[in-house]
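Engineer: Have a look at this one.
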Amino acid sequence: MPGGYARLYFGAEFCQWRMPTKAAVRDAYARASGMGLGFTLVTPWVTDAGMKKLTGVFDSLAGDAGAGPAEVVVNDYGVLTLLREEFRGLAPVMGRMLARQKRCPRVPGIIEALPEAGRDAYMHAGIEDPLTAKFLKLLGVKRVELDNPLQGVSADLKAARLKGSIYTPYAFVTTTRHCPASFDGANWQSFTGCRKKACTGNVISLSNPAHEAVILMRGNTQFVENAGLPEGLSRMGIDRIVYMDEVP
Amino acid sequence: MRILSPVDRRAEVGELADAGADELYGGYVSGDWRRKYSLLSSVNHRYFPSAQIGGLNELKGIVKDAHGRGLRFYITMNAPYYTGPQYEDILSDAARYIDMGVDAFIVADLGLVLRLAHIMPGFPVHLSTLGTVFNSKGAAFFSHLGVNRVVLPRELTVREMAGIIKANPGTEFDAFVMIGKCPNIEGFCSFTHNSPSLIWPCEEAYTFGTVKTDGRAEEIARAQAGWGSVNRRQACGLCAVRALDQAGVTALKVVGRGGPTAVKVKVVKAVRDMLDYSPGRAEVRLELQTKAKAVYKELFGRECSPYVCYFPEVWR
């Protein structure tokens, strides 16, 4: 791993089938700790079956001292509940899927036509709401994670007394359970399962005149690339940059 | 099990009641909201005028007529999120809706759920599918905040729904059954539905390219391109209505705010027919499937497809 990083993000953000095994998580945690890095386990939305798997993963993580308490990025209120009920030693971080932002690649083409208050709503995230933040803090959440969508972001996490992370350069756009990397065209059930693991080695692009940005799709999830970062990160309360070296 | 239908106009209420609807839902965006934020920052996740009830008097009329026919009416306030000043506006609207007699709010945003629990405790709140409840603990999370009913995401199987329902006996649950199947998870999707032609980003004809491949990228692109071969407004879960009933679903939800009245009516009638259909005990599943496929073909003039099948695990 190249230098200059303070923390390792490990796990699966968008698909429970891609969630690493307990052994892989423990190994990654140990390696990160050995390199003096903090450790953040990223988790997706899950079904009840996925929740059982996550419980086992959390169990193994909670029992490992590592180089300090591990963080868990949650993208599912049920997972947040699980952490609160059973794994208070793991620090929950609200993931970007629950941050609630406008991320459509069409937005740059329409935002200027909005009235000022409407434009403002497109630049902010739902997670900034002070009442929501206060409630989440009761559940142990101190950090939230944002995308840098094409129109930019103008968050105010300081007012919400939360710390923020921003992901770059791939902004999440949408995700599905109807995974084209799984669908075999004949077996209808293959559309909602995972049989090929074809997501790991393939990224496709989707282009359309309706928007300038090209969508990048890996497995079940679509992104746009937005290189660079917004100005004033510190003013917004963002003190962490999550860098992705490939489409996640 | 009840049938929950969209409604956009007062004139539709009687027809939908006659067709077999038990409950109605619809949305309204005030003139003030449109001026301040525009319909592209809609209060209820529908961004085109035909999906909005035309005025407060129209809304009052819908509530009155619905109650007159013994139907409940729920109002949508289910934008994925709101920002600071929007909360004041929406809570003011909410108080007005209670005065009008609406029976529940359908909401998605956690901040709004918290405010309604505090300011209007006890008034029924339904969590929209945009609330993204995929498991039993997620449902319990919102139930503890005063949510009475959860609209389950389109992506869950009947078995997964049954597990959530069983684990949350004090909460009601809706399942989508007809029209409007999203290719993506609606609660996590940030595509903007702003096109005047009502073609959404997920429905566009894309040109596909390969960025990285182990040899399967073209096959994946073909599978994704399949969405272009179907009309997602012709989605169907009729095969599964019996299984959903057994799973404990409270209401079958028909999508289609802003759709033509005739489509709403014939779809509600088809769902009612399926609910009322009682084949003999032997080969129940096969008979239900045969009937559902026939009804689908009659409704839409084509065979069903995995892309627009709500419950592919039930289909044979």
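Okay, residues lined up against (1) modelled with pLDDT of 90 or more; (2) among the basic types (K, R):
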site: A:P169; (1), (2): yes, no
site: A:R177; (1), (2): yes, yes
site: A:A181; (1), (2): yes, no
site: A:K197; (1), (2): no, yes
site: A:G201; (1), (2): yes, no
site: A:N208; (1), (2): yes, no
site: A:S234; (1), (2): yes, no
site: A:Y243; (1), (2): yes, no
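Engineer: Further, regarding this structure: Look through A:V173, A:V153 and report the one residue that is modelled with pLDDT of 95 or more and either closer than 25 Å to B:E218 by Cα or in contact with a Phe, Trp or Tyr (Cβ under 8 Å, 6 or more places away or on another chain) (or both).
Structural biologist: Values: A:V153 fails: either closer than 25 Å to B:E218 by Cα or in contact with a Phe, Trp or Tyr (Cβ under 8 Å, 6 or more places away or on another chain) (or both).
The match here is A:V173.
Conditions (1) buried (at least 23 other Cβ atoms within 10 Å of the Cβ); (2) part of a loop (DSSP other than H, G, I, E, B); (3) hydrophobic (A, V, I, L, M, F, W, C); (4) within 20 Å of the chain's Cα centre (by Cα), marked per residue:
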position: B:R35; (1), (2), (3), (4): no, no, no, no
position: B:G61; (1), (2), (3), (4): no, no, no, no
position: B:F73; (1), (2), (3), (4): yes, no, yes, yes
position: B:Q86; (1), (2), (3), (4): yes, no, no, no
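Engineer: Looking for whichever is touching a residue at least 12 places away in the same chain (Cβ under 8 Å), surrounded by fewer than 19 Cβ atoms within 10 Å (Cβ to Cβ) and not in a helix (DSSP H, G or I) here; the options are B:A175, B:A205, B:A225. Which one fits?
Structural biologist: Values: B:A175 fails: surrounded by fewer than 19 Cβ atoms within 10 Å (Cβ to Cβ); B:A225 fails: not in a helix (DSSP H, G or I).
When all the criteria are applied, what remains is B:A205.
Engineer: From the list A:G193, A:G201, pick out the single residue that is surrounded by fewer than 24 Cβ atoms within 10 Å (Cβ to Cβ), of a type outside the set (S, T, N, Q) and within 7 Å of chain B (Cβ to nearest Cβ).
Structural biologist: Just one listed residue meets the conditions, A:G201.
Engineer: Tell me which residues, restricted to the stretch B:15-44, are in contact with a Pro (Cβ under 9 Å, 6 or more places away or on another chain), within 12 Å of chain A (Cβ to nearest Cβ) and either on the phi > 0 side of the Ramachandran plot or touching a residue at least 60 places away in the same chain (Cβ under 8 Å) (or both).
Structural biologist: Answer for the stretch B:15-44, where residues must be in contact with a Pro (Cβ under 9 Å, 6 or more places away or on another chain), within 12 Å of chain A (Cβ to nearest Cβ) and either on the phi > 0 side of the Ramachandran plot or touching a residue at least 60 places away in the same chain (Cβ under 8 Å) (or both): just B:S38.
Engineer: Could you please give the count of residues in the stretch B:192-204 that are more than 20 Å from the chain's Cα centre (by Cα) and more than 7 Å from every other protein chain (Cβ to nearest Cβ)?
Structural biologist: 3
Engineer: Are any residues in the stretch A:80-105 more than 29 Å from B:P201 (Cα to Cα) and touching a Gly at 6+ places or on another chain (Cβ under 8 Å), and if so, which ones?
Structural biologist: Answer for the stretch A:80-105, where residues must be more than 29 Å from B:P201 (Cα to Cα) and touching a Gly at 6+ places or on another chain (Cβ under 8 Å): A:T81, A:L83, A:R84, A:R88, A:A91, A:P92.
Engineer: Ok, one more. Give the residue that is surrounded by the fewest Cβ atoms within 10 Å (Cβ to Cβ), with candidates limited to residues of the stretch A:204-213 that are in contact (Cβ under 8 Å) with a residue 12 or more places away in the chain and assigned to a strand (DSSP E or B). Steps first, answer last, please.
Structural biologist: Pass one, the stretch A:204-213, residues in contact (Cβ under 8 Å) with a residue 12 or more places away in the chain: A:204-206, A:210-213.
Cutting the leftovers down to assigned to a strand (DSSP E or B) gives us A:204-206, A:211-213.
Details: A:I204: 28, A:S205: 17, A:L206: 21, A:H211: 20, A:E212: 13, A:A213: 22.
Here the residue is A:E212.
Engineer: Right, next: Within 22 Å of A:M217 (Cβ to Cβ) and either in contact (Cβ under 8 Å) with a residue 24 or more places away in the chain or charged (D, E, K, R) (or both): is that true of A:V46 in this structure? Outline the logic, then answer.
Structural biologist: Numbers: within 22 Å of A:M217 (Cβ to Cβ): yes; either in contact (Cβ under 8 Å) with a residue 24 or more places away in the chain or charged (D, E, K, R) (or both): yes.
Criteria met by A:V46.
Engineer: From the list B:A108, B:A162, B:A117, pick out the single residue that is of a type outside the set (D, E, K, R) and within 16 Å of the chain's Cα centre (by Cα).
Structural biologist: B:A108
Engineer: Does A:R96 satisfy being touching a Phe, Trp or Tyr at 6+ places or on another chain (Cβ under 7 Å), facing chain B (nearest Cβ under 7 Å) and under 22 Å from A:S165 (Cβ atoms)? If you could, list the steps in order and put the result at the bottom.
Structural biologist: Values: touching a Phe, Trp or Tyr at 6+ places or on another chain (Cβ under 7 Å): yes; facing chain B (nearest Cβ under 7 Å): no; under 22 Å from A:S165 (Cβ atoms): yes.
The answer is no for A:R96.
For (1) surrounded by 17 or more Cβ atoms within 10 Å (Cβ to Cβ); (2) outside any loop (DSSP other than H, G, I, E, B), each residue gets a yes or a no:
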| residue | (1), (2) |
| --- | --- |
| B:A243 | yes, yes |
| B:K264 | yes, yes |
| B:V271 | yes, yes |
| B:S278 | no, no |
| B:E313 | yes, no |
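Engineer: Right, something else. Identify, by number, the condition in (1) hydrophobic (A, V, I, L, M, F, W, C); (2) at pLDDT below 95; (3) over 28 Å from B:M1 (Cβ atoms) that B:A51 doesn't meet.
Structural biologist: (3)
Engineer: A further question follows. Which condition number does A:L216 fail, the rest of (1) within 7 Å of chain B (Cβ to nearest Cβ); (2) aliphatic (A, V, I, L, M); (3) over 25 Å from A:T47 (Cα atoms); (4) assigned to a loop (DSSP other than H, G, I, E, B) being met?
Structural biologist: With (1) within 7 Å of chain B (Cβ to nearest Cβ); (2) aliphatic (A, V, I, L, M); (3) over 25 Å from A:T47 (Cα atoms); (4) assigned to a loop (DSSP other than H, G, I, E, B) applied to A:L216, the lone miss is (4).
Engineer: Quick check: anything in the stretch A:102-113 without any contact (Cβ under 8 Å) to a residue 60 or more places away in the chain, facing chain B (nearest Cβ under 7 Å) and not aliphatic (A, V, I, L, M)?
Structural biologist: yes
Engineer: Count, please, the residues in the stretch B:143-153 that happen to be touching a helix residue (DSSP H, G or I) at 6+ places or on another chain (Cβ under 7 Å) and either assigned to a strand (DSSP E or B) or facing chain A (nearest Cβ under 7 Å) (or both).
Structural biologist: Of the residues in that region, 2 qualify.
Engineer: Identify all residues within the stretch B:98-115 that are crowded, with 23+ Cβ neighbours inside 10 Å and touching a strand residue (DSSP E or B) at 6+ places or on another chain (Cβ under 8 Å); write none if there are none.
Structural biologist: Once the filter is applied, which keeps residues that are crowded, with 23+ Cβ neighbours inside 10 Å and touching a strand residue (DSSP E or B) at 6+ places or on another chain (Cβ under 8 Å), the stretch B:98-115 yields B:V102, B:F105, B:I106, B:V107, B:A108, B:L112.
The values are calculated or read from the model by the stated rules, or taken from the named source; none is laboratory data. This is a predicted model, so every value here is computed, not measured. As a convention, Cβ positions derive from the backbone with ideal geometry for all residues, glycine included, and neighbour counts pool all protein chains shown.
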